[in-house]
């Protein structure tokens, strides 16, 4: 096919009209006849024994349809992201502030609140375990009886780290600390459960993984999966915290118990207290290098506080370790990955799966090294950066890495890096200006050896209109637009002719979770394959009619195209012909993430092999009197392989930068003895319009050679990763003092300020 | 329910009848006296375009126009809206034609998940009512209380400026026709 008609072009999202007119229905907007209001009772304690739990008074209240505790769960009382260690409703102990204890369904919110108030719970508060370093000790009390507090402890080694450190000209060793971070999507978690005519359960779910939800709901109800259906309405953001299930299982349980539809939407405060957070980590990191700045070895120890239950902690900490050396050629690397159970907030997936914490550390180290060796931060990165064909410390041979150095060079050019010293560094006695960069990599896909596939169903009707059915959840990241563009491109029609059904487990095959920047690749490939199958049928019919050989034919702008010129026959004509003659224009395709086998052994378990590369450079102004940091400018260059949907790509980059700036400077869940002190959008400080500088964003395209639709390799996670280290390095440049803890609040900046410097 | 939140026993509810103009229609509605304007719109009138992001006035997802001013409808009791003129996101479209702002929001990808969009649109609509050529600074001021977690705010600035330019051209054309 010749140049692209739709892919890479700006286009409004298929659902844009619904969104701007207020017609888009999210979980809170769903209204069904006879629908009850569902609510959950959560633990007020970080750790307590449940001495008594009595719901009989609550059950007798007027307007109450159902009150359930762990005893009323027909199937398994556990979540199952990976390990079934978190109860849906607490049994004998609550282990974090937010463990659910009981669930109610009542005629309205007032009656549901009254039912919650009538539930008698007698708690015996227990001493909690809040310090991960203490929790790790063999003598420590077990957070979860029968389970080691150390839920993960692995060491990965390549090369001879100790010998390399021994031989190095310079060794830099630091300890870094990161915070609990909150996703703060605008639509809080919610679900609507209802009973089908045959006793099955349908749940509308604000989620990232509809088929995994279905499995979990069926498991909790003790039903077969065929009796459970999960539909995602519009979803108001997710960023990882809606990867594992939240209240949708309870919505199903309550609907089943009440035998009527149940609307279960968390309040904001409940949301912040109960859903997973980004893991706080303590990372010890040693970098060894030659005096020319060549990296020789990296040695790291990562300790992550996962809260009481495993959720996706294993995956997050494993990914943190996978990227711990950054986008650099490091021959000798050792990383010890430890995840610990505590009675602190539960942690799980948040955009980047541990890569943001890793990048904060390896990019800070890079600048510490550059400062010590008096090498330009750009040059030291260019010197060590991976290239196409580099065998990484994970054993992965990078198939396309041009974006690494190209993003560095482009970003440096955008901000005029070489001339940064000509900018006024000290505009007022109390103000210091600085520049800092960070370059990162993040893998797309789940990783080698993991089940990573997606399916779609595509149908063209006899009027030429198309329905695309996929169970890939669109939380706003735009997979629906991407799929519509790819199908439209191959079928030679416009996007408006394609109706994309929202994810529904009864309409489409499993597409897995919308996570790990994977859907563009897996669902994208499935769409191309299905569209090509229908395209083949259409072109076959065109050959029969026109007697022109297939290699001269194409479909474009609604027409059959012969030798590049529009033919009078339209795609609609061909679709009608197919309908009349009985050629079904129906295709189903399941695509698996591709991992070539003719490569050297990949030694790091579950490694990804397709990388998003990007560089951000920040210009900051530090007020030495208040400790306030203003990001004055930020340039971002991202390699996306091939840009399918520019609106979505730039939106992802800008939104990621905004989240990254928050992670760097203001966002921190303050937790004392397991209790969250700032569970509101008033006190958890998120960047608003004035906190984001005017951004310069540039997309570069180095098509991924294997397994990527038209070379596209995803964008979702990368943008949140570099802002924190870039801003940290800019503050270092401004003040001449490095920081080792996030977020970099005035309280942490003022102690290192010395106006005499 | 989490500790700290007041709970009430079930008791008779004080209902009030409110008359106001919503999106050009004079509307009479019976609602609980303690209901917020947000939940009167959503639950009693089925206008679910206006969103609840925090119920504490921090996020701006629930912004509607009340007598030509953008307000957080979660912070206003329904009875306070008696006799007012309210415009919600559902009221921006006229005769099946999108307001230029609505179209521009879609074209410039001023949103991704769209949950902040109804409030964001109304804040920008309010700005354009009084300023037909807003600067970046003025737009940021107008949306300073609207929180977007997906996309940031550059797309919104672009959309508002694009819509403002379109509206100015339209007005010039109208003036010419009037002459």
Gain in length, residue A:450 to residue A:601, computed as 0.36 nm per residue apart minus the alpha-carbon separation, to one decimal in nm? 52.8 nm
From a point 7 Å beyond the Cα of residue A:71 in the direction of its Cβ, which residues of segment A:95-131 have a backbone N at a distance under 14 Å? A:102-103, A:120-122
Where the centre of each part is set by its Cα atoms, how far does segment A:203-277 sit from segment A:378-427, in angstrom? 42 Å
Shape category assigned to segment B:100-173 from the gyration tensor of Cα positions, a/c cut at 1.5: prolate
How much FRET efficiency would the formula 1/(1 + (r/R0)^6) give for residue A:32 and residue B:137, where r is the Cβ-Cβ distance and R0 is 45 Å, rounded to 0.05? 0.50
Relative contact order of chain A, pairs being alpha-carbon contacts under 8 Å that are 6 or more residues apart, as %: 16 percent
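Under the rule of -39500 (n - 2.57) per DSSP H run of 4 or more residues, summed and divided by the residues of the protein assembly as shown, what mean residue ellipticity at 222 nm is obtained, to the nearest 500 deg cm²/dmol?
-8500 deg cm²/dmol
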Along the Cα-to-Cβ line of residue A:122, 7 Å from the Cα, sits a label point; which residues in segment A:57-78 have backbone N less than 17 Å from it? A:57-58
Working out 0.36 nm times the residue gap between residue A:465 and residue A:568, then minus their Cα-Cα distance, what length gain in nm do you get to one decimal? 35.2 nm
Where the centroid of each part is defined by its Cα atoms, how far is segment B:142-179 from segment A:626-687 in Å? 26 Å
Within 10 Å of each Cβ in A:642-654, the average number of Cβ atoms from other chains: 4
Relative contact order for segment A:431-527, counting Cα pairs under 8 Å that sit 6 or more residues apart, in percent: 39 percent
Mind ranking A:375-386, A:404-415 by how tightly packed they are, going by the mean number of other C-beta atoms within 10 angstrom, highest first? A:404-415, A:375-386
Kindly identify the protein assembly as shown as rounded, prolate or oblate by the Cα gyration tensor criterion: order the square roots of the eigenvalues as a ≥ b ≥ c, call it rounded if a/c is under 1.5, otherwise compare a/b with b/c, prolate if a/b is larger, else oblate. rounded
Obtain the nm distance between the two label points defined at residue A:536 and residue A:171 by a simple spin-label model: each point lies 7 Å from its Cα along the Cα-to-C-beta direction. 6.1 nm
What whole-number distance in Å separates the alpha-carbon centres of segment B:33-53 and segment A:113-176? 44 Å
For segment B:100-173, averaging the sequence separation of alpha carbon pairs under 8 Å that lie six or more residues apart and dividing by its residue count, the contact order in percent is 49 percent
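Every read-out reported here was derived from the displayed coordinates using simple, explicitly stated rules and does not represent laboratory data. Keep in mind that what you see is a predicted model, and the values were worked out from it rather than measured. Heads up, the Cβs are rebuilt from the backbone with ideal geometry, glycines too, and the neighbour counts pull from every protein chain shown.
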